[in-house]
Amino acid sequence: MDALDRVIKPKTKRAKRFLEKREPKLSENIKNTMLIKGGNANAIVTQVLKDMEFFSKKSDCSLFMFGSHNKKRPNNLVIGRMYDYHVLDMIELGIEKFVSLKDIKNSKCPEGTKPMLIFAGDAFDTTEDYRRLKSLLIDFFRGPTVSNIRLAGLEYVLHFTALNGKIYFRSYKLLLKKSGCRTPRIELEEMGPSLDLVVRRTHLASDDLYKLSMKMPKALKPKKKKNISHDTFGTTYGRIHMQKQDLSKLQTRKMKGLKKRPAERITEDQEKKSKRMKKH
């Protein structure tokens, strides 16, 4: 038997737990991010990476961000993700303008708070590079998947705008104000960081590999129920099949407005008599 064909069993419980974590799963582990500072990173790139720690954790994980700076590509960020222990997507972004968390003197949200993500701009839906970037940013900032969330837990918003070849990244704290009714009035207060970015280079997976990485296991696919459908907002619609009804026999409420006039009755009686005469 070839050495590559042999399955090596773990000798310790720690090694067994490590291998079990790396096994394929029906539901993915929470995606963490590894932040990497290049040896030639300047103060701006270093501060961007520090601010990104507010959203991410340093870990051996499937997402990464690499910061660097040189004469050819100043203030450079590379964000990417892994699939099956190989690089799936990488997108290089240039920082044109940056305002740090510490430079905006407003109250902040606790670290680890799940944000609401908003994407504005047609490019996120029409351009392939921007579509992949949108998917990558969602993976990067979405946080853990939760089944329920309370209104008070909606504390901040990350807003991405694609306009004239640039991506504007803004972060807002959500304030719930009294409105005089049950639903509160919402105000947004910028809390930072704030970045103006431009896409420089991309390294994207092939369409086949990308589809494979997005494939949902059969065990997680919802079973189709007959005559039941859902719209994009999750509303459930059902179709009911009924026998053909004779609406002429339908009992309706008697109203003066629906009563026939004497002239209509005479006309109707004459039509009935003429039908009888024709039969005979």
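Computed from backbone phi with θ = phi - 60° and the Karplus coefficients 6.51, -1.76 and 1.60, the 3J(HN,Hα) list for segment 184-195 is x, 8, 9, 10, 10, 10, 5, 10, x, x, 10, 9 Hz; x is used for glycine and proline.
Applying both filters, DSSP loop and at most 15 other Cβ atoms within 10 Å, to the GluC sites (Glu not before Pro) of segment 169-231 eliminates every site.
Distance between the modelled labels on E268 and L250, one decimal in nanometres: 1.7 nm (7 Å Cα→Cβ projection). For Y237, the accessible surface of its heavy atoms amounts to roughly 120 Å² (probe 1.4 Å, protein chains only, rounded to the nearest 10).
Computed from phi, the 3J(HN,Hα) profile of segment 169-179 under the Karplus parametrisation 6.51, -1.76, 1.60 (θ = phi - 60°) reads 9, 10, 10, 10, 8, 8, 10, 9, 9, 5, 10 Hz, with x in place of Gly and Pro.
Expressed as a whole percent, the accessible surface of segment 125-188 that belongs to carbon and sulfur atoms is 51, based on a 1.4 Å probe.
Legend: residues I240, I138, sorted from most to least accessible area (1.4 Å probe; ligands, DNA and RNA excluded), read I240, I138. For N75, nonlocal amide neighbours, meaning residues 5 or more places apart or on other chains whose placed amide H falls under 5 Å from its own, are N70. Would you kindly state how much longer the chain becomes between K16 and N42 on full extension, computed as 0.36 nm times their sequence separation minus their alpha carbon distance, in nm to one decimal? Extra length from K16 to N42 when fully extended: 5.2 nm.
Annotation: amide H of N42 within the under-5 Å range of H69, sequence separation 5 or more or interchain, hydrogens built in the peptide plane.
Subtracting the Cα-Cα distance from 0.36 nm times the residue separation, let me have the gained length for H241 to D84 in nm, one decimal.
Details: separation 157, 0.36 × 157 = 56.52 nm, distance 4.71 nm.
Result: 51.8 nm gained on full extension.
In this rough spin-label picture, where each label sits 7 Å from Cα along the Cβ direction, the D231-D139 distance is 3.2 nm.
Indicate the gyration tensor shape class of segment 156-215 (rounded, prolate or oblate), computed on the Cα atoms with a ≥ b ≥ c the square roots of the eigenvalues: a/c under 1.5 is rounded; otherwise a/b larger than b/c is prolate and the rest oblate.
On the way: a/c = 4.10, a/b = 1.92, b/c = 2.14.
It is oblate, given that a/c is not under 1.5 and a/b is not larger than b/c.
DSSP loop (so not H, G, I, E, B), at most 11 other Cβ within 10 Å: list which trypsin sites (Lys or Arg not before Pro) in segment 58-105 pass both filters.
Loop-located and lightly packed - K58, K71, K72, K105.
At 1.4 Å probe size, put M242, M34 in order of accessible surface, largest to smallest. Numbers along the way, then the final one.
Details: M242 145, M34 75 Å².
Most to least solvent-accessible, the answer reads M242, M34.
What shape does segment 87-206 take by its C-alpha gyration tensor, where a ≥ b ≥ c are the square roots of the eigenvalues and a/c under 1.5 counts as rounded, a/b above b/c as prolate, and the rest as oblate? Because a/c hits 1.5 or more and a/b exceeds b/c, segment 87-206 counts as prolate. Applying a DSSP loop filter and a limit of 13 other Cβ atoms within 10 Å to the chymotrypsin sites (Phe, Trp or Tyr not before Pro) in segment 49-148 leaves Y85.
Spin-label model, L154 to R185: label points 7 Å out along the Cα-to-beta-carbon direction sit 1.7 nm apart.
Listed here are the pairs K13/K215; K108/K134; K102/K177; K105/K173; which of them are more than 20 Å apart at the Cα?
On the way: K13/K215 32 Å; K108/K134 25 Å; K102/K177 25 Å; K105/K173 12 Å.
Cα-Cα > 20 Å for K13/K215; K108/K134; K102/K177; rest within.
The values are calculated or read from the model by the stated rules, or taken from the named source; none is laboratory data. Every value quoted in this text rests on a predicted model; they were computed, and no experiment measured them. Every residue, glycine among them, receives a Cβ derived from its backbone with ideal geometry; neighbour counts consider all protein chains shown. Accessible surface areas use protein heavy atoms only, side chains included; no ligands, DNA or RNA. Shrake-Rupley method; radii C 1.70, N 1.55, O 1.52, S 1.80 Å.
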